[in-house]
Amino acid sequence: MFRPTHPRRPGLTLVYTSQGMLPAQVIKTKLEAAGIPVLLDYESAGQAIGLTVDGLGEVHVFVPDEFAEDALRVMEIQGPPDEDEIGTQD
């Protein structure tokens, strides 16, 4: 099955790609708190069986085109998800 590296959806802009769902959920929460609608796009097989290799764990964060600049500004100010936000442990 052909799977583009960076999927493109009409009317939406890709603003972030994470390896795994948790960082993407943190970004989604930050953007929605700023009033920006978000769509997460991911391969369901990776989520269902927990694989994170060969792109299966990638999660793409899209926003409507008209919110793209605002989304990038929010992410620049707040920074990428840190370990405390995604719940990783040493």
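Here is how the numbers come out for the structure above:
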read-out: Subset of region 77-87 that is surrounded by fewer than 19 Cβ atoms within 10 Å (Cβ to Cβ) and within 15 Å of the chain's Cα centre (by Cα) - its residue that is modelled with the lowest pLDDT; value: ILE86
read-out: Residue in region 44-61 that is assigned to a helix (DSSP H, G or I) and modelled with pLDDT of 75 or more present; value: no
read-out: Residue tally, condition part of a helix (DSSP H, G or I), at pLDDT 90 or above and within 14 Å of the chain's Cα centre (by Cα), over region 62-76; value: 4
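The values are calculated or read from the model by the stated rules, or taken from the named source; none is laboratory data. Computed from a predicted model, the values in this text were never measured in an experiment. Every residue, glycine as well, gets a Cβ built from its backbone with ideal geometry; the counts of neighbours run over all protein chains shown.
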